[in-house]
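Structure, as structure tokens:
None of the figures in this text is laboratory data; all of them are computed from the coordinates on show. Fair warning: this is a prediction, and the values are worked out from it, not measured in the lab. Using ideal geometry, Cβ is built from the backbone for each residue, glycine included, and neighbour counts are taken over all protein chains shown.
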Amino acid sequence: MVLIAAFSILLCVLFDLFGLAPVDGAIVLAVFGLLRQQVMGGEWVFNGYEAKVAAYAFVTAGLVTVVARRRSWTSVPLFAIATYFHFLVGIFWFHAALLWRVVDDRCAQRHAIIEAAWFWLAIFPLIAVIEWKRWTIDAAIPVSPGLPSPDYIYSILREPWHAAPFFSRYSFATDWLPGCILAGGMFVGALTVAATAGEARVAATARWLACLLVYLFAALALCYFYRRTGTLGKFYPFRPSSLLLLVWLVTVVAWLNELVLRPRLLRLVAGALVIPSFIWTTALHLRQDIKARAQIASDKAMIQDFLRDKTPPDAVVLVDPAIEAFLGIDYSFLDIERTTHRFALVLFKFTPTNDPEILEWHRRMEFRRSTFERGCGADPIYRRDYLLTMRDREGFLERSCGPSVFETGRFALLRTAGSVGSAAAQH
């Protein structure tokens with residue numbers, strides 16, 4: 001709620017800075033939503049709460065300060081705070097803001113260098129902690145041979161939609177090529193606005209956006225060279241595409257208001273075309289979301305109650321990947337540890353970012369996959385006291401793993417042979 005209020009204020013200030021009327025702002029946000037908030041790479045700003053959302057709020061405040069050309073030094077602490085919320089978001093957009101200043105005024109290079117020095121000094125403690133952990137704690141963890149590289153696991157196996165555009169021809173054609181076409185059109189649009197805009201702020205922002213769009217294509221080219229290793233994935237090179245799209249829409253609408261003789265008529269037509277469509281698609285998405293959660297709410301609550309009340313405090317629960325595949329990761333048991341106080345060995349959604357921990361996550365994921373695909377073998381490398389699965393897979397797993405101890409309409413909970421809960425449950 002705090003961030004909703006913050007963004008409401010910040011967006012109003014941003015729109016006003018470019019001379020946009022409230023209806024213009026509504027059109028910008030509607031188009032932004034209809035384009036799924038991103039150009040490429042599956043990035044977003046407003047889908048929910050993560051640390052990066054708070055970072056984007058401070059980044060937006062910093063960009064407003066820079067573009068307004070007032071008290072530009074205040075942008076440094078704003079971007080520094082954004083970096084402490086999210087390292088990659090804050091660092092990228094701080095340097096992008098410096099680029100805007102240089103594009104707007106080439107004589108500002110000296111001030112940009114000074115601000116960069118203050119910024120890096122402000123985030124030095126964070127960098128020191130990251131590097132200390134990387135070279136001391138992480139380096140001390142042994143790495144098992146025979147596993148894929150951490151970069152490959154993180155970028156290509158875990159989230160190719162974010163970081164691996166050339167994972168396969170099909171994924172590039174369906175997930176990335178439309179974004180490339182959109183980025184190309186945006187680049188031409190930015191150059192057109194830069195060449196024809198009468199307002200200096202709009203022209204400078206358009207030139208700046210053209211530079212950022214060139215960056216996106218450069219990131220694509222680099223990812224192609226590293227397509228087999230996924231080396232760049234952990235840096236999320238396409239993360240800027242979401243906020244870039246939002247600022248591009250603001251700039252283009254400001255330019256159209258300047259260019260068109262009757263901007264009110266244009267607003268009326270554009271608003272009638274995009275705002276109802278956005279409201280409809282958003283309402284439909286929310287309806288599907290609520291319906292999907294409601295379908296499993298009672299079953300999920302019963303499973304959670306059983307685990308919390310009827311199993312030992314140190315029990316380990318393994319969640320079937322079929323549940324994630326059937327319901328989607330947003331509707332599965334992501335909160336199982338928080339709601340039951342029982343340990344889930346691994347979940348697909350929660351991936352670490354340090355190399356040894358990525359390898360450990362992969363080992364656990366492979367152990368989970370093997371358990372639910374082949375059944376339970378002797379001498380498992382990890383504890384698995386309870387298996388949470390779908391009802392239609394219950395019979396197969398019971399043959400090698402152990403009996404079902406609790407069932408709902410959709411789910412079954414099995415207790416594995418020799419688990420810590422066997423004696424307690426029998427008692």
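Would you please classify the overall shape of the range 1-85 from the alpha carbon gyration tensor, given that a ≥ b ≥ c denote the square roots of the eigenvalues, rounded means a/c under 1.5, and beyond that prolate means a/b larger than b/c while oblate covers the rest?
Here the range 1-85 falls in the oblate category.
Of all the options 56, 382, 226, the one that moves most in a Gaussian network model of the chain with Cα springs shorter than 10 angstrom is 382. Taking Cα centre as origin and charging only the Cβ of basic (Lys, Arg, +1) and acidic (Asp, Glu, -1) residues, the dipole magnitude of the range 2-259 rounds to 380 debye. A viscosity of 0.890 mPa s and a temperature of 25 °C, combined with the Kirkwood radius over C-alpha pairs in the Stokes-Einstein formula, give the range 245-385 a diffusion coefficient of 126 µm²/s.
Model label sites at residue 126 and residue 353, defined 7 Å from Cα along the beta-carbon direction, differ in position by 0.9 nm. Counted as membrane-span-like here are DSSP H helices of the chain whose alpha-carbon atoms extend 24 Å or more along the helix's own axis and whose Kyte-Doolittle mean is 0.0 or above; these are 51-68, 87-104, 109-132, 177-196, 200-225, 241-259, 263-310.
Let me check against my output: what whole-number percent is the relative contact order of the range 2-259, with C-alpha pairs under 8 Å and at least 6 apart? Please list the in-between numbers first.
Details: 300 pairs, mean separation 70.6, N = 258.
Contact order relative to length: 27 percent.
Here the gap between residue 69 and residue 9, fully extended at 0.36 nm per residue and compared with their Cα-Cα distance, gives a gain of 19.7 nm. Ordering 238, 251, 122 by Cα displacement along the dipole of the chain toward the positive end leaves 251 in first place; charges were set at the Cβ atoms of Lys, Arg (+1) and Asp, Glu (-1). Comparing 347, 33, 64 along the charge dipole axis of the chain, the residue lying farthest to the positive side is 64, per the Cβ-charge model.
Dividing the alpha-carbon radius of gyration of the range 194-247 by the rule-of-thumb value 2.2 N^0.38 Å gives 1.43.
Computed over the chain with a Gaussian network model linking Cα atoms closer than 10 Å, the most mobile of 62, 146, 179 is 146. The distance linking the range 87-117 with the range 188-255 is 16 Å (Cα centroid to Cα centroid, whole angstrom).
Magnitude of the charge dipole for the range 296-426, about its Cα centre and with charges confined to Cβ atoms of Lys, Arg (+1) and Asp, Glu (-1), is about 180 debye. Its residues counted as N, the chain yields a C-alpha radius of gyration over 2.2 N^0.38 Å of 1.15. A simple rule links phi to the HN-Hα coupling: the Karplus curve 6.51 cos²θ - 1.76 cosθ + 1.60 with θ = phi - 60°, which for the range 398-410 gives 4, 5, 10, 9, x, x, 6, 10, 7, 9, 10, x, 10 Hz, with x for Gly and Pro. Taken as Cα centroids, the range 11-47 and the range 368-392 sit 46 Å apart, rounded to the nearest whole angstrom.
Classified by the C-alpha gyration tensor, the range 187-285 has an oblate form. Its axis ratio a/c, with a ≥ b ≥ c, is 1.5 or above, and a/b does not exceed b/c. Tell me whether the range 1-154 comes out rounded, prolate or oblate; compute the Cα gyration tensor, take square roots of the eigenvalues as a ≥ b ≥ c, and use a/c under 1.5 as the rounded threshold. Oblate, because a/c is 1.5 or more while a/b does not exceed b/c.
What trypsin sites (Lys or Arg not before Pro) in the range 55-106 are in a loop by DSSP, with at most 15 other Cβ atoms within 10 Å of the Cβ? Display every interim value, and only then the final one.
Values: sites: 69, 70, 71, 101, 106; in loops: 69, 70, 71.
Answer by residue number: 69, 70, 71.
For the chain, a Gaussian network of Cα nodes joined below 10 Å ranks 107, 211, 223 by mean-square fluctuation, and the top entry is 107.
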